[in-house]
């Protein structure tokens, strides 16, 4: 029986690494994927497969597609697809480093490591702006329904994830008054209480999952990142389909009513990719849908 990768629904770890890989031209990916299936336990190491790699294998995963690049109103949402994404979770950065090395070595020479992005937990799951992240995440059975493909689908237990790296402009954020910051998010930073009279552009109003038709509930597992003096948020949105994330992104960009999310006042995405996260079977990634 297939089950989900348990790291998807587990609390965010203390530290993490995001590895993205591309397939070398002319390389055969089957051996590397077999090694990944063995190394990714789904809990401490979560793995996702991109559309380009699925197509290279001559297969199709229903619902998986390329991340949509979008622009308008002075905003650019980039699409940066990759063949593989690996989310390494843990408590010890040194252990995470060595696990990263083993995975990269096992995937070579067919796969080339394109990016390593360090992430970490800040102040009990707050964004680097000081606001709590993931407040509206569904819990328990509702989280499983939101994040995982449900039976009787042959993909039951798997998940689709949107991965974005957002870079914050802290100079802009710091220049905002406390009230303006709260109105941008739609919550009080001091109490995390939602502001009933927040502007329609407030982030929580733009992305209120219950206000979509159909409802657009996802499970977020975002964490801060930092490289030198650059920093922001690695945004992860796990869903039973990618439609729910796209509905939220469309509204953030003002696609429904012309009102853009106030979040763009101080932060922008610099990457964006979709991946299919296979289910687990007998302790290994279930790559049966890829005929592996």
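The values are calculated or read from the model by the stated rules, or taken from the named source; none is laboratory data. In this text the structure is predicted, and so the values were computed from the model without any measurement. We place every Cβ from the backbone using ideal geometry, glycine too, and count neighbours over all the protein chains shown.
Of everything listed in (1) surrounded by fewer than 18 Cβ atoms within 10 Å (Cβ to Cβ); (2) at pLDDT below 95; (3) within 20 Å of the chain's Cα centre (by Cα); (4) on the phi < 0 side of the Ramachandran plot, the single unmet condition for residue 133 is (1). Residue count for the range 78-99 satisfying the condition of being farther than 18 Å from residue 25 by Cα and surrounded by fewer than 18 Cβ atoms within 10 Å (Cβ to Cβ): 10.
Scanning the range 110-123 for residues that are at pLDDT 95 or above and farther than 10 Å from residue 20 by Cα yields 110, 118, 119, 120, 121, 122.
Scanning the range 190-203 for residues that are part of a loop (DSSP other than H, G, I, E, B), free of Cβ contacts under 8 Å to residues at least 24 places away in the same chain and buried (at least 16 other Cβ atoms within 10 Å of the Cβ) yields a count of 2. For residue 149, the test of being under 22 Å from residue 63 (Cα atoms) and outside any loop (DSSP other than H, G, I, E, B) is failed. Here is a list: 221, 206. Which entry is within 21 Å of residue 158 (Cα to Cα) and crowded, with 17+ Cβ neighbours inside 10 Å? After applying the criteria, what remains is 221. Filtering the range 172-181 to residues that are touching a residue at least 40 places away in the same chain (Cβ under 8 Å) and assigned to a loop (DSSP other than H, G, I, E, B) leaves only 176.
Just so you know, in the range 70-89 the residues that are out of contact with any strand residue (DSSP E or B) (no Cβ under 6 Å at 6 or more places or on another chain) and modelled with pLDDT of 95 or more include one that is farthest from residue 39 (Cα to Cα), and it is 78. In this structure, residue 184 does not satisfy being in a loop (DSSP other than H, G, I, E, B), under 23 Å from the mean Cα position of the chain (by Cα), surrounded by 16 or more Cβ atoms within 10 Å (Cβ to Cβ) and at pLDDT 95 or above. Of the residues making up the range 106-130, those that are out of contact with any helix residue (DSSP H, G or I) (no Cβ under 7 Å at 6 or more places or on another chain), farther than 13 Å from residue 234 by Cα and in a loop (DSSP other than H, G, I, E, B) are 108, 109, 123, 124, 130.
Scoring residue 57 on the criteria (1) touching a residue at least 60 places away in the same chain (Cβ under 8 Å); (2) out of contact with any helix residue (DSSP H, G or I) (no Cβ under 8 Å at 6 or more places or on another chain) leaves a single failure, condition (2).
Kindly indicate whether residue 103 is part of a strand (DSSP E or B) and modelled with pLDDT of 95 or more. It is false that residue 103 is part of a strand (DSSP E or B) and modelled with pLDDT of 95 or more.
Taken over the range 43-76, the criterion of being surrounded by 16 or more Cβ atoms within 10 Å (Cβ to Cβ) and within 15 Å of the chain's Cα centre (by Cα) is satisfied by 45, 46, 47, 48, 49, 50, 64, 67.
Whether a residue is in contact with a helix residue (DSSP H, G or I) (Cβ under 9 Å, 6 or more places away or on another chain) and surrounded by fewer than 20 Cβ atoms within 10 Å (Cβ to Cβ) was assessed, and residue 288 does not pass this test.
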